[in-house]
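Q: If you scroll down you'll find the structure; I have some questions about it.
The values are calculated or read from the model by the stated rules, or taken from the named source; none is laboratory data. Note that the structure is predicted; figures quoted are calculated from it, not measured. So basically every Cβ, Gly included, is an ideal-geometry build from the backbone, and we count neighbours across all protein chains shown.
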Amino acid sequence: MTDNRLGAAVSPYLRQHAANPVDWREWGPEAFAEARERGVPVMVSVGYATCHWCHVMARESFSDPEVGALLRQGVVSVKVDREERPDVDASLMAAASAFTQQLGWPLTTFLTPDGHVFFAGTYFPPTPVGQVPSFRQILAAVLDAWTERRHEVDANASAIATAIRQGAEADATARSGAAGGGAEPRLPAVDSIRAVTGLLTQAEDTTYGGFGGAPKFPSAPLLEFLSDAAADGDDQAGALLDRSLHAIRSTELTDVDGGVFRYATKRDWSVPHYERMLYDNAGLLAVAGVDQARGIADFLRDTLRRPDGAFVAAQDSESTIDGQRVEGEWYRLPLDERGRLDPPPLDDQVLTGWNGLAIRGLAVAGARHADDEMIALARGAADALLATHVENGHVSVRSSTPRGMSSAPPTIEDVGLLAEGLLELALVTGEVSYAVTARGLVDDGLAGRFEVDPVLAAAGTATGEQPQTAMRSGTVALAAASAVLAALTGDATYRAAAARLVADRAVTGTEQPLGHADALGVALALQRPSREVVVVASDPTDPLRTTARDARRPGTVLALVTPDQAVAWTDAGFELFEGRDTLDPAGYVCHDRVCALPARTGDELRTQLA
């Protein structure tokens, strides 16, 4: 009899597997205690709700009663949603890199009852395909090694765990330095950061646009670095950014409704992998031109937005047509024909960090393109998150669904990305309450107030946040928010903390920009003189506000407030706004909070900004 325990899970991905003839457990000490008692390994399968190949492996292997019986006899089977548990996914991915460089999902790992990985791979088919063995063959080989060569298994598992532990200790040292001082960080020189544009230009696909061959990803953090470099005066970066964005919006990677797919399987951006993730679209908002940004915002509003204003995680690649699950067919239909079919289902998780990324993207794009609806969407998401995922000023929930709140602990991704998003929203709306909450979240992040998973803690394999290629890092977001707070409050310790958080990542990024591009952008801002621009105007159409819209560049913080809002910011401890309520309208251009005489017209402000 099957003992599948996923039926009550909050995660939509886990619930997709609740009917499998597999004795699935959720991740936790209980599953490992069961393995220890039985003397068997733990198989941990990691995926997410809109993952096409996760669906395929589920249909081919985990829905097979014979496979379920083999798993029941030989292992304790654990399902993990990588969106719900990025800490677990990061640790297992780090271990899996010892076995394969083709990392992705589904991730298939085998662990000792002590939580140490001794074998890992990704998707395995039901029958051998070329050099790829079947899942049954993998399972048989793993169990044979477990019973016949346990000393090799234990030695391999121990070596991998040691390597992970050493990397995690180095990362923890950098984080503790950000919180408590320490040696002055070594940020890369501006010339070294600018040289990255040349590396990226060499990597550009000059035929089809973008970088590399197939599969080809939008890589929003890389594009945002190019945007930062272009704003800093690098014309080559600006041209490369324009070409890359054009390739994304003019090919099959962008759907007719404006939403962007996760990646293309072909070099020419054709044959997309049809799932649509909140983080890809939110990240692109921060750099997209007006039409592209409007299309992405429409997709977020019409498809991923919940009635309370928060955004769900993704839309699936597959839809059900004529009783069959098929990938991509719904998306290939014209818009006017889609309405006769059920759309692909949603991954209905609301993730704190991903919503923070969306709040930031919408606020940045809304301000840049003078689009009030984008800013309203950002405000709606922020208010929803503050009502449900933040308690007494602290992030209390990482993931929630209509079925309840997940027990997964919040991570630096949640704290950093939400703090940065709230700060950006505060600066464009003038609402200081968002900044006050963001300041508390930054303080939490710098203090390292994160719960470590008990299994990873006992195993010594908690990695902390790893560099990412697809979305902005929570660590980098925390650094960027810290730098903004330094400008707003006059507290230089925030700027020092920001430098310590990104220094090592940025140095690595000058040679390996993919995975570290977001850190490069923050490092560039920290290397530039601090400039603060405050526009005080009661009239939202005042020319000063319009002129200030073009002031964004690395090292510049731009705030738009009314006189009453300036008073509220001052009362909340943000010294930059002290005395800014006496003139309306007025624009203040400051360097390290030493300000020029107030500009009273758009032309005067434009001259000061130049």
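Residues are listed down the side, and each one gets a yes or a no for (1) modelled with pLDDT of 95 or more; (2) under 25 Å from Asp348 (Cα atoms); (3) touching a Lys or Arg at 6+ places or on another chain (Cβ under 7 Å); (4) assigned by TED's automatic domain parsing to the domain that holds Val67:
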residue: Ala18; (1), (2), (3), (4): yes, yes, no, yes
residue: Val22; (1), (2), (3), (4): yes, yes, no, yes
residue: Arg25; (1), (2), (3), (4): yes, yes, yes, yes
residue: Glu30; (1), (2), (3), (4): yes, no, no, yes
residue: Arg36; (1), (2), (3), (4): yes, no, no, yes
residue: Val40; (1), (2), (3), (4): yes, no, no, yes
residue: Val46; (1), (2), (3), (4): yes, yes, yes, yes
residue: Ala49; (1), (2), (3), (4): yes, yes, no, yes
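Q: Select the helices (runs of 4 or more DSSP H) contained entirely in region 426-544, then report the ones holding at least 1 residues which are charged (D, E, K, R).
A: Helices (runs of 4 or more DSSP H) meeting the threshold: 432-447, 492-509, 517-527.
Q: Quick one: Thr2 ticks every box in (1) within 15 Å of Leu107 (Cα to Cα); (2) touching a Pro at 6+ places or on another chain (Cβ under 9 Å); (3) modelled with pLDDT under 95 bar one, so which box is it?
A: Going through (1) within 15 Å of Leu107 (Cα to Cα); (2) touching a Pro at 6+ places or on another chain (Cβ under 9 Å); (3) modelled with pLDDT under 95 one by one, Thr2 breaks only (1).
Q: While we're looking at this one, here's another question. With the requirement that a residue be buried (at least 22 other Cβ atoms within 10 Å of the Cβ) and of a type outside the set (Val, Ile, Thr), what does region 36-51 give you?
A: Pro41, Met43, Ser45, Gly47, Tyr48, Ala49, Cys51
Q: Which number in (1) within 28 Å of the chain's Cα centre (by Cα); (2) assigned to a helix (DSSP H, G or I) marks the one condition that Gly68 misses?
A: Going through (1) within 28 Å of the chain's Cα centre (by Cα); (2) assigned to a helix (DSSP H, G or I) one by one, Gly68 breaks only (1).
Q: Among what's in region 181-239 and is under 19 Å from Thr508 (Cβ atoms) and of a type in the set (Lys, Arg), pick the residue that is surrounded by the most Cβ atoms within 10 Å (Cβ to Cβ).
A: Residue satisfying both the conditions and the ranking: Arg194.
Q: With the requirement that a residue be farther than 21 Å from Pro307 by Cβ, among the acidic types (Asp, Glu) and modelled with pLDDT of 95 or more, what does region 324-380 give you?
A: Scanning region 324-380 gives a single hit, Asp371.
Q: For a quick check of your reading: which helices (runs of 4 or more DSSP H) sit entirely within region 287-384 and have at least 3 residues that are aliphatic (A, V, I, L, M), buried (at least 20 other Cβ atoms within 10 Å of the Cβ) and in contact (Cβ under 8 Å) with a residue 24 or more places away in the chain?
A: Working: elements: 290-299, 335-338, 352-368.
Fully inside region 287-384 and qualifying: 290-299, 352-368.
Yes/no matrix, rows are residues, columns are (1) at pLDDT 95 or above; (2) among the hydroxyl-bearing types (Ser, Thr, Tyr):
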{"position": "Ala458", "(1), (2)": "yes, no"}
{"position": "Glu465", "(1), (2)": "no, no"}
{"position": "Ala481", "(1), (2)": "yes, no"}
{"position": "Ala487", "(1), (2)": "yes, no"}
{"position": "Thr493", "(1), (2)": "yes, yes"}
{"position": "Ala496", "(1), (2)": "yes, no"}
{"position": "Leu501", "(1), (2)": "yes, no"}
{"position": "Gly509", "(1), (2)": "yes, no"}
{"position": "Pro513", "(1), (2)": "no, no"}
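Q: I would also like to ask the following. Within region 385-399, restricting attention to residues that are under 12 Å from Trp354 (Cβ atoms) and in contact with a helix residue (DSSP H, G or I) (Cβ under 6 Å, 6 or more places away or on another chain), which residue is surrounded by the most Cβ atoms within 10 Å (Cβ to Cβ)? Before you say what the answer is, go through the steps one by one.
A: Looking only at region 385-399, we keep the residues that are under 12 Å from Trp354 (Cβ atoms), and these are 385, 389, 398-399.
After this cut, where a residue has to be in contact with a helix residue (DSSP H, G or I) (Cβ under 6 Å, 6 or more places away or on another chain) as well, the list is 385, 389, 398.
Working: Leu385: 29, His389: 23, Arg398: 26.
This residue is Leu385.
Q: Related question: Can you find a residue in region 579-587 that is buried (at least 21 other Cβ atoms within 10 Å of the Cβ), more than 30 Å from Ala189 (Cβ to Cβ), in contact (Cβ under 8 Å) with a residue 40 or more places away in the chain and of a type in the set (A, V, I, L, M)?
A: yes
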